[in-house]
1. Tell me, what % of the accessible area of the chain is carbon and sulfur with a 1.4 angstrom probe?
2. May I ask for the equivalent-ellipsoid semi-axes of the range 267-374, computed as the square root of five times each C-alpha gyration tensor eigenvalue and listed largest first in whole Å?
3. Tell me, what HN-Hα J-couplings in whole Hz come from the Karplus equation 6.51 cos²θ - 1.76 cosθ + 1.60 at θ = phi - 60° for each residue of the range 355-360, using x for Gly and Pro?
4. Tell me which residues come under 5 Å, amide H to amide H, from residue 189 once H is placed; ignore anything under 5 positions away on its chain.
5. Taking every pair of alpha-carbon atoms in the range 116-244, what share in percent sits in each 10 Å bin, from 0 to the bin with the longest distance?
6. For the chain, just the Cα atoms, rotate onto the principal axes and tell me the three extents in Å, largest first.
7. Could you provide, to the nearest whole Å², the per residue accessible area of the chain with probe 1.4 Å?
8. What does the charge count around residue 286 come to, taking other residues whose C-beta lies under 9 Å from its C-beta (Lys +1, Arg +1, Asp -1, Glu -1)?
Amino acid sequence: MTGVATKQRAAPHPLRAPTDPSRGAGLIRRDGLVAALDRGALGKVTVISAPPGSGKTSLLRAWAERASADRRVGFVSVPPDQQDARQFWLAALAAIGQADTSGESPLRSVEPALDGDLLADMVLAELDGASHDVVLVIDDLHELRSTEAVSQLERLLNLLPRSAHVVLSSRRDPPVRLHHLRLAGEVTDVRAGDLRFTISETGQLLAAAGITLSDTGTAALYERTEGWAAGLRLAVISLNGHPDPDGFVDAFSGTDRAIGEYLMAEMLERQPFEVQQMLLRTSVADQLNGELADLLAGRTGCEQMLLALEDANAFVISVDARRTRFRYHQLLSDFLRLELRRTLAPEVPELHRKAAGWLADHGEVVDAIRHTLA
């Protein structure tokens, strides 16, 4: 593990093909979410904030395909670790040029000496001067590391003309301040809970893939994935042609190889080493707070780590209104426990003893007994 738009209708601009398995979520219609984006476009900003593999890009693709003669959609896909504000705004200008083909590409008038501030002003001018409404989608915003570009983006959002709308899609809440726009009713939020598949949609996804599963099996798959699009899609891939679909679901968990590879690459390896270690050691508990996490991890400051992970949509979920108790997504918990046995096996009995003692001291007898037996 390492430390971790024109008077003549233009064709819809294609989204970058996603690299995650949630792409399969596009097999079924999610009209409620598409309608939510339609409503959001009446304001200035839509924020889509959800974990990796939640189907953000698939949703945006489905919505973009409904672009009309009066509204064009341009896309900016932020590359990994983008630290150059100038390159970010050049990509935004290119996206607007593809969305609005009524005139000359705005990139033709860009001089090499123009900095990020002037390019951001050009983007604003292009949005204001478009011959129709333009939606600028900024995908993978969490990859934008330039504080200069973030500041310029914040200013642009507050100055957007009524004919423009911006969609910010990210794995975590954007670092831009949107409080004034929120108070004015100009911001629409689409969160992880909104993107989570329902049990009915889970059944539709299975049916679209030609998989026959009992109602009990469908319910179990939904429960174990918690409606997470990538988890469902990976399960569907494995179920394709499986001789015993219900038996597969009975054994399906975060220890599945495909699930584990995805969580390792998209979640665990992206964390600093100390966060990785905290996640592994605390995974023995079904729920925990900062005090128990500190005990299990053998360090202080775990509550701050857990809060940061929850803010980052990193499969950490608070279970109380005060955000003092946490749990891990079921598939992540399964995966972490497997990695704990693989990498820190000698520590596992002592971790259970520590958890049992703490839980007993705090009156949680049933869980204490479970850890003692473990």
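The values are calculated or read from the model by the stated rules, or taken from the named source; none is laboratory data. Just so you know, these numbers come straight off a predicted model, no measurement behind them. Because the Cβ atoms are built from the backbone with ideal geometry, glycine has one as well, and the counts that use them run over all protein chains shown. The accessibility values were calculated without ligands, DNA or RNA, using every heavy atom of the protein model including side chains. Shrake-Rupley method; radii C 1.70, N 1.55, O 1.52, S 1.80 Å.
1. Of all accessible area on the chain, carbon and sulfur atoms account for 50 percent.
2. Those come to 20, 17, 12 Å.
3. 5, 4, x, 5, 5, 4
4. Amide H to amide H, under 5 Å and 5 or more residues apart or across chains, residue 189 pairs with 47.
5. In whole percents, the pair-distance histogram is 10, 31, 21, 18, 16, 4, 0.
6. 72, 48, 36
7. Result: 46 Å² per residue.
8. My count for the surroundings of residue 286 gives +1.
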